[in-house]
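Following: one structure in structure tokens, then a few remarks.
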Amino acid sequence: MRKPLIVGNWKMYKTITEAEDYVAQIKDRLPAKQVAEVELAVPTLFLQSLARLTAASPLKIVAENCFYQDEGAFTGETSPLALRELGIKHVILGHSERRRLFFESDQVVNQKVHAALSAGLCPILCVDETMKRLAEHGQVAWVVNQVITGLAGVSEDQLAHIVIAYEPSWAIGTGKAAASPVEANEGCYLIRQTVACLYGEAAANRVRILYGGSVNQANLPQLIGRPDIDGVLIGRASLDPATFLTMVDQVVAASGGEASA
Ligand code: PGA
């Protein structure tokens, strides 16, 4: 069975003080019985202090991005090796905001996937789908292509270290349930089928696929109950610690576990 994964994505919100305060509030209140993994993706600047704060907690700290080289003359970039040294495991790659605002192509995302894997990190590979492209090419062509390009050259063994997130950018940041549970599951199903074509059924059944885009307390229970959705990537609704804890409880309850303390 695939273990549910809940990842809060803070983006460029919060100061370090706010971040430390938030983490202190939740790190000891996560479900005693670990039926789900809980992680927070935070700005690079916060990684070291939050990784220290959570060293003994089930809460794991995630990087929001990294570069595709380990070292060199790349001003302002973050080395995957440096992330690994901090004890970071997961790194979000190919988020739609990186693709749209920082012009990251499918090829660049693929290079990052390889660099992260070589450094011992586990990518959370985001697959986007804009309304424009949906209208022009249909969901199938666009999503499938991003999965194929994002995973190009990745071996079946390496795939075991990758999580894929279906994040239609038309559903991100709206604060509403922009993708219905059926649409969200369809996107995740499509990704799983693509992985099956590339690596076979067994590998596809093992890979965890998250849904992200305006997930909140109201729509989470319906999303997490769908067969191909193994977890969620939560932006805006993860910014408040009480709301985030409630959402963790919702996922745990759906998986038959115990609520947080
Ligand atoms: P949102 O962001 O939940 O605010 O839509 C999700 C994301 O960008 O990962």
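The values are calculated or read from the model by the stated rules, or taken from the named source; none is laboratory data. What you see is a predicted model, and the numbers here were worked out from it, not measured in a lab. Cβ atoms come from the backbone with ideal geometry, glycine included; neighbour counts cover every protein chain shown. Keep in mind that these areas ignore ligands, DNA and RNA; they rest on the heavy atoms of the full protein, side chains included. Shrake-Rupley method; radii C 1.70, N 1.55, O 1.52, S 1.80 Å.
For the reader, a short list of remarks on this structure follows.
- Distant-in-sequence amide H partners of residue 234 (H built 1.01 Å from N, under 5 Å): 7, 8, 9
- Shape category assigned to the chain from the gyration tensor of Cα positions, a/c cut at 1.5: rounded
- Extension gain, residue 24 back to residue 45 (0.36 nm per residue minus Cα-Cα distance, nm): 5.8 nm
- Working ranking of peptides 3-10, 243-250 by packing, defined as the average number of other Cβ atoms within 10 Å per residue, highest first, is 3-10, 243-250.
- Protection proxy ranking of 44-55, 201-212, 71-82, 160-171 - average other beta-carbon atoms within 10 Å, highest first: 160-171, 201-212, 44-55, 71-82
- Karplus 3J(HN,Hα) series, Hz, for region 59-70 with 6.51 cos²θ - 1.76 cosθ + 1.60 (x for Gly, Pro): 5, 10, 9, 10, 8, 8, 5, 7, 8, 9, 10, 6
- Taking the accessible area of the chain, probe 1.4 Å, and keeping the other protein chains in place, the carbon and sulfur fraction comes to 54%.
- Separation of the residue 180 and residue 85 label points, Cα + 7 Å toward Cβ, nm: 5.1
- Positive end of the dipole of the chain (Cβ unit charges, origin at the Cα centre): among 76, 127, 101, the Cα lying farthest that way belongs to 127.
- Surface analysis of region 1-157 yields an accessible area of 49 Å² per residue, using protein heavy atoms and a 1.4 Å probe.
- With 22 Å as the limit on Cα-Cα distance, the pairs of 14/112; 27/112; 11/60 that go past it are 14/112; 27/112.
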